[in-house]
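A short write-up of the structure that comes next.
The values are calculated or read from the model by the stated rules, or taken from the named source; none is laboratory data. Source: prediction; values computed, not measured. Glycine gets a Cβ as well: all are built from the backbone with ideal geometry, and neighbour counts include every protein chain shown. The accessibility values were calculated without ligands, DNA or RNA, using every heavy atom of the protein model including side chains. Shrake-Rupley method; radii C 1.70, N 1.55, O 1.52, S 1.80 Å.
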Amino acid sequence: MSDSLASESPTVRAFDATVTRVDGRSVVLDETYFYPEGGGQPADRGVLGGVDVEHVRTDADGTVVHDLAADPDFVAGDEVTGVVDDNFRTYCMRAHTASHVLYGAGRRIFDDLGYGGFDISAEKVRVDFETSTEVDDDALVELERLVNRAVWDSREVTWEEIPVADAREREEIAFNVKTEEGVFADSESVRVVSIDGWDWAACGGTHVSNTVEIGPVEVLSRSNPGEGLTRVEFAVGASAIDRRAAVRGSTYEAARALGTNLDGLGETAATVAAAREELESELADLKSEVLRSRLADFETVERDGLTWKVGAVSGFDANEVGDAAKESRDGADVLVAVGESDAPFVVVASAGDAAAGDVVAEVTDEFGGGGGGGPTFAQGGGLGAPADEVLAYLRD
C-alpha cells in the first residue's frame, strides 16, 4: 500500500518513484506526491512518466492509484518521474487553507458552530456551517473582513500527527467528519492543521505554510443546503481579484446612477428605495381609484328580475378587478366585469340572489375556459371570445 506524501510535503512538485503495479492505465507507485481526491479537495493534475494524469484516487485498500489519460510505456519495476501541476496544486493549497481561515472567522461570530461540509472547485470554494446563528448580509461582510485580516496578519500554518484521544479532548479542534470519512476510524493518530491563534482542525489536505500566501478572499454568496446548514461560497486569489473588480465596477456605476459617491451610496440607495415604495403605494391607490370609477360607470341592465351592472376593463389583472368588484356593486344585485386582454377573464360579485359561481359557470360553458367561486364572488379565465361578445351574451 502506498500513501500520498502530498499533505506532509505540499511544496514538492517533481519526484522520482518506482512503479509497483500497472493495470491498463491505472498505475501504483512505491511513493507519490500526487494528492488523491478526498476530503473535499480535488485530485492533483500533472504528468507521470511522460503521460498526463487524468485522476488520482485511493482504492478500497487505501492505495493511491494514478489514472492516466493514455496507456503508459513503462511497466512495474521501472523508475518514473512525476510532475505535479504547480498552478493547480498552489490554488488548492490556498483554497483549502482559506476554508480553515473562514471557519476560524465563523468561530468568532457564530453560535453552536460545526462543520457541515467542504468542497473546492476551479472557480470557488464552499464551506457548510452548522450553526443556530442567522447568517445575514452583515455576517457575510464580517466573515470576509475577518478572513482577509487573518491573511494580512501572516499567521503561521502548521500540521502534526497527534493521538486521536488527545485531539478529542481539545475542544478547539474542529472535526469535519462529513468530508474526512475514515480519517478517524481505526486510527490511533490524527493530523491536525493549526493556524496560529486562529483555527485548529483535523484535516488531511494540502496547505500553505502562512496565511499571507492565500491572497485575497471574496465571499460570493450564502444558501441553505439543508436544515441547520448555511453554505458560504467564496473565491480565492485571482478569481477573488476579478470578482472584487467586478463588484467595485458595479458599485461605481450604481453611485453614478444615483448621483452620489461610494461613501453615500448606502444611504442614498435606502432613500431611493423608500421613495420608490411610497410612489408604488400611491400608484396602487390611484389604479384602485381608477378601477373603481370604471366599475361604477358600467352599464345597468335588468335580468331575471335583478339589477346587473356589466362592462369591460383593460389594463388590470383578474385579481385586481376581483378585489375592486367586491366593493363596487353600488346597490346592484350583480356586477360582472370582463377583462379585455389576450386571455379574457370574467369576474362576478353578487349580493347572493344570483350565485356568482353559477354566472361564471354559465359564461365558461358558453365561451370555454374555467373558473369557480361561491355565491357572492367568483371568477374565471381563458375565455374563447372577445370581451364585447361576452358582454352581449350577458346583456341578453
Check: Hey, among 219, 247, 208, which residue is under 18 Å from residue 91 (Cα atoms) and not in a strand (DSSP E or B)?
Finding: 208
Next item on the list: Would you be able to tell me the number of residues in the range 195-205 that are farther than 17 Å from residue 41 by Cβ and assigned to a loop (DSSP other than H, G, I, E, B)?
Entry: 3
Notebook entry, point to check: So which of 312, 343, 324 is in a loop (DSSP other than H, G, I, E, B), of a type outside the set (D, E, K, R) and either open to solvent by 30 Å² or more (accessible area, probe 1.4 Å) or closer than 17 Å to residue 294 by Cβ (or both)?
Noted result: 343
Next item on the list: List the number of the failed condition for residue 233; all other conditions in (1) open to solvent by 60 Å² or more (accessible area, probe 1.4 Å); (2) closer than 30 Å to residue 168 by Cα hold.
Entry: (1)
Item checked: Residue selected from the range 236-252 under the condition in contact with a strand residue (DSSP E or B) (Cβ under 7 Å, 6 or more places away or on another chain) and at pLDDT below 95, by the criterion least open to solvent (accessible area, probe 1.4 Å) -> 240
Notebook entry, point to check: Where residues in the range 379-396 are in a loop (DSSP other than H, G, I, E, B) and over 44 Å from the mean Cα position of the chain (by Cα), which of them is nearest to residue 310 (Cα to Cα)?
Noted result: 396
Margin query: Within the range 152-160, does at least one residue satisfy the condition of being without any contact (Cβ under 8 Å) to a residue 12 or more places away in the chain and in a helix (DSSP H, G or I)?
Written below: no
Notebook entry, point to check: List, please: which pairs have Cβ atoms under 9 Å, are six or more places apart or on different chains, and start with a residue in the range 55-84 that is in contact (Cβ under 8 Å) with a residue 60 or more places away in the chain and end with one that is surrounded by fewer than 12 Cβ atoms within 10 Å (Cβ to Cβ)?
Noted result: 61/1; 62/1; 63/1; 64/1; 79/16; 80/16; 81/16; 82/16
Note to self: I'm trying to understand the selection: among the residues of the range 216-247, which are under 12 Å from the mean Cα position of the chain (by Cα) and polar (S, T, N, Q)?
What the structure shows: 221, 223, 224, 230
Next item on the list: Scan the range 346-355 for residues that are more than 13 Å from residue 380 (Cβ to Cβ), buried (at least 17 other Cβ atoms within 10 Å of the Cβ) and out of contact with any Leu (no Cβ under 7 Å at 6 or more places or on another chain) and jot them down.
Entry: 350, 355
Next item on the list: Scan the range 7-30 and report the pairs whose first residue is more than 17 Å from residue 57 (Cα to Cα) and whose second residue is assigned to a strand (DSSP E or B), with Cβ atoms within less than 6 Å and a gap of 6+ or a chain change.
Entry: 13/84; 14/83; 15/82; 16/79; 16/81; 17/29; 18/79
Notebook entry, point to check: Looking only at the range 356-393, which residues are open to solvent by less than 50 Å² (accessible area, probe 1.4 Å) and hydroxyl-bearing (Ser, Thr, Tyr)?
Noted result: 364
